[in-house]
1. Going by the conditions given, is residue 311 in contact with a Phe, Trp or Tyr (Cβ under 8 Å, 6 or more places away or on another chain), assigned to a helix (DSSP H, G or I) and closer than 30 Å to residue 35 by Cβ?
2. Taking the condition of being more than 26 Å from the chain's Cα centre (by Cα) and open to solvent by 10 Å² or more (accessible area, probe 1.4 Å), how many residues in region 302-329 meet it?
3. Could you please tell me which pairs satisfy a Cβ distance under 6 Å, a separation of 6+ or placement on different chains, a first residue in region 51-69 that is open to solvent by 10 Å² or more (accessible area, probe 1.4 Å), and a second residue that is acidic (Asp, Glu)?
4. For region 225-248, name all the residues that are open to solvent by 20 Å² or more (accessible area, probe 1.4 Å), outside any loop (DSSP other than H, G, I, E, B) and under 22 Å from residue 362 (Cα atoms).
5. Search region 184-203 for residues that are closer than 16 Å to residue 136 by Cβ and pair each with any residue that is hydroxyl-bearing (Ser, Thr, Tyr) and in a helix (DSSP H, G or I) when their beta-carbon atoms are under 9 Å apart and the residues are at least 6 apart or on different chains.
6. Could you count how many residues in region 103-152 are of a type in the set (Gly, Ala, Ser) and either buried (at least 16 other Cβ atoms within 10 Å of the Cβ) or touching a strand residue (DSSP E or B) at 6+ places or on another chain (Cβ under 9 Å) (or both)?
7. Scan region 352-368 and tell me whether some residue there is in a helix (DSSP H, G or I) and surrounded by 23 or more Cβ atoms within 10 Å (Cβ to Cβ).
8. Residues of region 369-390 being of a type in the set (Gly, Ala, Ser) and open to solvent by less than 10 Å² (accessible area, probe 1.4 Å), which ones?
Amino acid sequence: MLQRFSIGLRSGEDGGHTMSFSPFMPIAANDAEVIILESSSRFGGWLWSTRRSDGAIFEHGPRGIRPAGAVGCNTLNMVDDLGLGGEILPVTYSHVASKNRYLYVNRQLHRMPSGISGLLRTVPPFSRPLLLSVALEILVKKGKEDDESVHSFVSRRLGKELADIAVDSLCRGVFAGDCRKLSVRSCFPVLHNAEKNRGSLTLGMLLGSGPSSVVPPGPLAQRSMKESWAQWSLSRGLESLPESITEHLQQTGKVELHRDTAVEHISPSASGWKITVEDGVISADHIISALPAKALSSVLPSSCQPLIQLLHDIATVTVAVVNLEYEGSILPVTGFGHLLPSSEDPGLLGVVYDSVPFPQHNRSNGQTTRLTVMMGGAWFQEVFGAPEAVTDERLLARATEAVQHHLGVTTAPSWSRVNLHRDCIPQYYQGHFRRVESMRSFIKENNLSLSLIGSSYDGVAVNDVIYSGRTAAEELLGTRL
């Protein structure tokens, strides 16, 4: 019988740039059923919102969450349970932010094709209609490898041009990563399964590509389907979500929450584990760890050496996030934002036009435009050098220069904030699925009371990581939550 349960929060996600949200959970045998250990002074990790006194809200991590699929439904059900339904800010598929997404190629903004007419015509920066690539894709034979890079997969099935421009940009926007290294099986499992099970992406999308998880939709999830939401946020920013979770857990009286409590070492004990922190030792029957893979590898005992090496091999990237506010309406186009392929500018990942999808987060008086510039990722060291040596001034200058060149904005921002997120997004390189399988096999074969959740393993989006926590809890308790 489990005596004590402990959790901790970290985070990230969607809306153009994906980071991750996650909880560190041990289960110990003292008074509380749950203990949450958080190394920083705040819960929420990459889910981090600045709320100014004039009503303006700026997201330093994820800015929108997608409602689609079982994982999206699961998150919305949790939002319902927390009583946050009234604070939802939905963005429908018919909204201009959903319909208009841009690529910055050859020093010009290009609207991505959408609708049948867009697919039938040749639209710059592409040299042929996208529908032609889709139609020819049905004739492509299955790949023989159990995994390959995203770039290789898309080049093989849809053509090198789409891989070099659209998919390269997409991987930079979602993973801040290099599509020539990222695994299609782990980063885009829907595409991998469509080819594997249907022999074609087109047929896979039309007919389905295999069994998927089902989460019964609550009222909010049902509303999202009825109204065709593409993404959503919260009226006080996405940090409201971990704040509400924290408040809910405190109210149960069965949870201990510890901030500023970094895990220094984990060692086996007769009852499970001993977790060493600065102020002492916590006994735990089971640990559910959402620590980043490398962080977990540094605190595990030497008896877990094979697992330690596997964890250590999961790479991460650093992203600079620069929030900017400009007076008035300064955008030459309206839409979600724009991304850049690595061939255009390796240091610049993209610019999100925050005021378009979520004008409710603008300040209450006077028209302004809020933007977020994302930089670095897999190219950070190459472009900016060592993260510890880069100044905020340099990053701000680079961001405002990008806004000037890409959007023609000649005025200086009236407000700005620079955040450097070190090692914020795990990179699922080719063979990632085998590494994760090996980790969990080692845990099972050695009867370790340890569960791995978080963005290092099964998905980097907020929805993915929340769902991984739910799955681990269900497996531990032997029941469906």
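1. Details: in contact with a Phe, Trp or Tyr (Cβ under 8 Å, 6 or more places away or on another chain): no; assigned to a helix (DSSP H, G or I): yes; closer than 30 Å to residue 35 by Cβ: yes.
Judged against the criteria, residue 311 is not a match.
2. Pass one, region 302-329, residues more than 26 Å from the chain's Cα centre (by Cα): 302-306, 326-329.
Still in the running and open to solvent by 10 Å² or more (accessible area, probe 1.4 Å): 302-303, 305-306, 327-329.
Within region 302-329, residues that are more than 26 Å from the chain's Cα centre (by Cα) and open to solvent by 10 Å² or more (accessible area, probe 1.4 Å) number 7.
3. These pairs meet every condition: 66/14.
4. 243
5. 194/202
6. Pass one, region 103-152, residues of a type in the set (Gly, Ala, Ser): 114-115, 117-118, 127, 133, 135, 143, 149, 152.
Filter once more, so that each one left must be either buried (at least 16 other Cβ atoms within 10 Å of the Cβ) or touching a strand residue (DSSP E or B) at 6+ places or on another chain (Cβ under 9 Å) (or both): 118, 133, 143, 149, 152.
Result for region 103-152: 5.
7. Residues of region 352-368 in a helix (DSSP H, G or I): 359-361.
With the extra rule that they be surrounded by 23 or more Cβ atoms within 10 Å (Cβ to Cβ), the set shrinks to 361.
Looking through region 352-368, at least one residue is in a helix (DSSP H, G or I) and surrounded by 23 or more Cβ atoms within 10 Å (Cβ to Cβ).
8. Step one: of region 369-390, the residues of a type in the set (Gly, Ala, Ser) are 376-378, 385-386, 389.
Those that are of a type in the set (Gly, Ala, Ser) and open to solvent by less than 10 Å² (accessible area, probe 1.4 Å): 376, 377.
The values are calculated or read from the model by the stated rules, or taken from the named source; none is laboratory data. This one's a predicted model, so the numbers in the text were calculated from it and none came from an experiment. Cβ coordinates were reconstructed from backbone atoms using ideal geometry, including for glycine residues, and neighbour counts include every protein chain displayed. Heavy atoms of the whole protein, side chains included, go into the accessibility calculation; ligands, DNA and RNA do not. Shrake-Rupley method; radii C 1.70, N 1.55, O 1.52, S 1.80 Å.
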